[in-house]
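One structure is given below, encoded as structure tokens.
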Amino acid sequence: MLSIRFTDADVGRVRLAAEPDVMWETILSLHQLARPDVYFAPWKRLARRALADAGMGRDGHLLTALAPISSYFPDFLTPPGHITSIEGGIDAVLSTGKKRLRAEITRLAESSPGPRAWFDDIAAGRPRALRRLGGALRRYHDVALAPYAPAAAAVAGRDVNRHARRIAEQGSEALLDGLGPQLRWRPPVLEVDYPVAQSLELDGRGLLLVPSFFCHNHPIALADPGLPPVLVLPVARGPLWIPRPGAAPPRGFEAAGLDELIGPTRAAALRFLDTGHSTTELAARLCTSVSTASRHAGALRRAGLVVTVRLGASVLHTRTALGTGLVHGI
């Protein structure tokens, strides 16, 4: 059981990501590659074949050793916040401080066997080992995940839309009370079915809820309670997924086509609003006035691309599943 304790302030600081986090999807998909849910069996066959054709057997083994399915895996592999770019995610992973690398790799080595020499090199922050880790993550993502990203985003988007409507119409507590049978809102505690006993005190930091296509069996949180709080939620899925590789939009769609369709400023706003941001934050990102940012957010909202939730005197704008589909060319 995972117990997440809220303060009154935390209830108003629940944020919902508009799409999966690329690093959580990368790591959790490794679990499905090792021991797949029936839903993912066809994907596993395709992914394993593609990885073999790409000569990634050894790198794949190293990644699964670093992120085992049945025991602890290091938090630094899934950096805090919400990351949607694989390059941004890898940069965050490789920027982890040496003290934290050592502590988390030591904990991993104590709970799971693995290639000790590589573990030791990563724990020491040796540049060659970190470059290899970054390269392995990038190649794995490009070969096994990128071809299926639009389909995964579409499945996740259905849950995001449902949750976004609930929080907009009924508020944060209604969202917490309706996250599914594995989560129970008993104010001020959110109880989560979890394989180990763990407690998380939010202490005013709020909670980021992140939908996940590849999440296995139950929600998951970071192991270190001192990190920014995040709860990764498995999305509702059907009985079987028949993936179709090659269905991804052509490279360059997001940079060119979206800007041409809705204009570069609103396209930039839509990309930025993958999680909830205030009008002031949006204005700072767009380098414009608050009133101009508000007009852009309003236009996106009227088009169904953004949902706006009022929290006290401020509002938060978050991209909808439709907006996410437009960003990714679905």
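Of all the listed residues (Ala156, Ala146), the sole one being in contact (Cβ under 8 Å) with a residue 60 or more places away in the chain, under 27 Å from Met1 (Cα atoms) and part of a helix (DSSP H, G or I) is Ala156.
Could you grab me the full set of residues in segment 194-218 that are over 23 Å from Asp8 (Cα atoms) and either in contact with a Gly (Cβ under 6 Å, 6 or more places away or on another chain) or outside any strand (DSSP E or B) (or both)? Result: Tyr194, Pro195, Val196, Ala197, Phe213, Phe214, Cys215, His216, Asn217, His218. Within segment 175-204, being over 21 Å from the mean Cα position of the chain (by Cα) and aliphatic (A, V, I, L, M) holds for Val189, Val196, Ala197.
When Ala153, Ala103, Ala144 are checked against the criterion of being in contact with a Phe, Trp or Tyr (Cβ under 9 Å, 6 or more places away or on another chain) and over 22 Å from Asp53 (Cβ atoms), a single residue qualifies: Ala153.
Between a first residue in segment 180-195 that is among the β-branched types (Val, Ile, Thr) and a second residue that is in a loop (DSSP other than H, G, I, E, B), which pairs have beta carbons less than 8 Å apart while being 6 or more apart in sequence or on different chains? If the second residue must be in a loop (DSSP other than H, G, I, E, B), the pairs left are Val189/Phe6; Val192/Met1; Val192/Gln182; Val192/His218; Val192/Pro219. Restricting segment 100-126 to residues that are within 16 Å of Ala223 (Cβ to Cβ) and of a type in the set (Lys, Arg), the residue that is modelled with the lowest pLDDT is Arg107.
If you check Ala156, Ala144 for being in contact with a Leu (Cβ under 7 Å, 6 or more places away or on another chain) and surrounded by 14 or more Cβ atoms within 10 Å (Cβ to Cβ), only one passes: Ala144.
Scanning segment 101-117 for residues that are surrounded by fewer than 18 Cβ atoms within 10 Å (Cβ to Cβ) and either touching a Leu at 6+ places or on another chain (Cβ under 8 Å) or charged (D, E, K, R) (or both) turns up Arg102, Arg107, Glu110, Gly114, Pro115, Arg116. When segment 295-330 is filtered for residues that are crowded, with 18+ Cβ neighbours inside 10 Å and small (Gly, Ala, Ser), the ones remaining, listed by number, are Ala297, Ala321, Gly323. A single member of Leu130, Leu137, Leu108 is part of a helix (DSSP H, G or I) and in contact (Cβ under 8 Å) with a residue 60 or more places away in the chain, and it is Leu137.
Among what's in segment 64-105 and is small (Gly, Ala, Ser) and in a loop (DSSP other than H, G, I, E, B), pick the residue that is nearest to the chain's Cα centre (by Cα).
Applying the first criterion (small (Gly, Ala, Ser)) to segment 64-105 yields 65, 67, 70-71, 81, 85, 88-89, 92, 95, 97, 103.
Retained after the next criterion (residues that are in a loop (DSSP other than H, G, I, E, B)): 67, 70-71, 81, 85, 95, 97.
Numbers: Ala67: 16, Ser70: 20, Ser71: 20, Gly81: 8, Ser85: 10, Ser95: 18, Gly97: 22 Å.
Checked segment 64-105; the qualifying residue nearest to the chain's Cα centre (by Cα) is Gly81.
The values are calculated or read from the model by the stated rules, or taken from the named source; none is laboratory data. Not measured: the values here are computed from a predicted model. Cβ atoms come from the backbone with ideal geometry, glycine included; neighbour counts cover every protein chain shown.
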